[in-house]
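None of the figures in this text is laboratory data; all of them are computed from the coordinates on show. Not measured: the values here are computed from a predicted model. As a convention, Cβ positions derive from the backbone with ideal geometry for all residues, glycine included, and neighbour counts pool all protein chains shown.
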Amino acid sequence: MEDPRITYVPELEQYAVAYTSYSKGGPGVSLALTKDFRSFQRFGVIMAPEDKDAALLPRRIDGHWALIHRPMTPLGAHMWISYSPDLRYWGRHRMILEARRGAWWDANKIGLCSPPIETSEGWLMIYHGIRQTASGSLYRLGLALFELDNPEKCILRGDSWIFGPETEYERKGDVRDVVFPCGYTMAPDKDTINLYYGAADSSIALARASVQSLLAWLKANGHCERRQC
């Protein structure tokens with residue numbers, strides 16, 4: 001079990017935990033619900049291998065639950081969305097964000113980091129991009145914004161990355177050059193987020209940001225062409 005993304009779901013009055021679970025066939029996505037983090041209702045594997053980087057949206061979209069995830073397909077490692085009436089059976093699988101090609105910072109693989117942040121302007125998604133270099137993989141973070149009532153539609157995507165490994169504890173460790181968040185908490189002002197992230201797979205670090213400043217950066221530094229989204 002690794003990389004859990006935890007979403008509070010008001011309708012269920014429970015927390016949904018989407019996590020990577022390993023099997024003989026490789027990593028898949030599993031789901032569990034809990035009220036107290038002591039006992040869990042396990043739904044088991046909901047996305048077959050190979051699949052990772054999943055989070056449940058906190059409310060239904062047109063009557064269905066929506067899950068963001070990252071399957072490995074012949075097309076590559078891109079972000080997808082799937083829908084379910086009951087959290088058990090999933091369908092209507094659609095790609096929503098594609099890893100770019102060439103020399104981009106997110107040219108090889110992408111995947112959702114923390115659960116999407118619901119804002120008045122759309123679902124703000126922090127995602128990781130992986131670029132293969134001569135010294136290994138380099139993990140950095142970028143932003144994308146999707147429509148509130150149609151999270152399949154990308155509104156904006158940042159051209160450059162916003163957060164990457166810089167300090168020694170982020171660049172040197174069990175896996176070098178990695179910043180990898182799976183969760184955040186929101187301050188009482190509903191704007192300041194505390195972003196918790198793995199640093200070089202050796203420690204856990206904390207960074208703070210303003211949601212409004214992230215949205216402002218995305219408006220100034222992003223666009224969404226059809227070929228990208």
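Exposure proxy for Glu121, Glu13: other Cβ atoms within 10 Å of each Cβ, ordered fewest to most, give Glu13, Glu121. Projected label points at Leu206 and Met72, each 7 Å from Cα along the beta carbon direction, are separated by 3.5 nanometres. Specify whether the C-alpha gyration tensor of the chain places it in the rounded, prolate or oblate class, a ≥ b ≥ c being the square roots of the eigenvalues: rounded for a/c under 1.5, otherwise prolate if a/b is larger than b/c and oblate if not. Rounded shape, in that the Cα axes give a/c under 1.5.
Note on the chain: helix-only mean residue ellipticity at 222 nm, from DSSP H runs of 4+ residues weighted -39500 (n - 2.57) and normalised by residue number, equals -1500 deg cm²/dmol. Once both labels are positioned 7 Å from their Cα atoms along Cα-to-Cβ, the gap between Ala107 and Lys190 label points is 4.2 nm.
Taking the number of Cβ atoms within 10 Å of each Cβ as an exposure proxy, the fewest-first ranking of Asp3, Asp159 is Asp159, Asp3.
What length, rounded to one decimal in nm, is gained on full extension from Tyr169 through to Glu2, with 0.36 nm per residue of separation minus their alpha-carbon distance? Gain in length upon complete extension: 58.0 nm.
Could you tell me whether the stretch 1-97 comes out rounded, prolate or oblate from its Cα gyration tensor? Rule is a ≥ b ≥ c as square roots of the eigenvalues, rounded for a/c under 1.5, then prolate if a/b exceeds b/c, otherwise oblate. Oblate shape, in that a/c is at least 1.5 and b/c is the bigger or equal ratio. Lysine pairs in the chain whose alpha-carbon atoms fall under 25 angstrom of each other, counting only those eight or more residues apart or on distinct chains, come to 13.
Here's the picture: a label point sits 7 Å out from the Cα of Glu118 along the beta-carbon direction, and within the stretch 52-77 the residues with their amide nitrogen under 11 Å of it are 57-61. Listed by Cβ neighbour count within 10 Å, with the fewest neighbours leading, Met72, Met186 appear as Met186, Met72.
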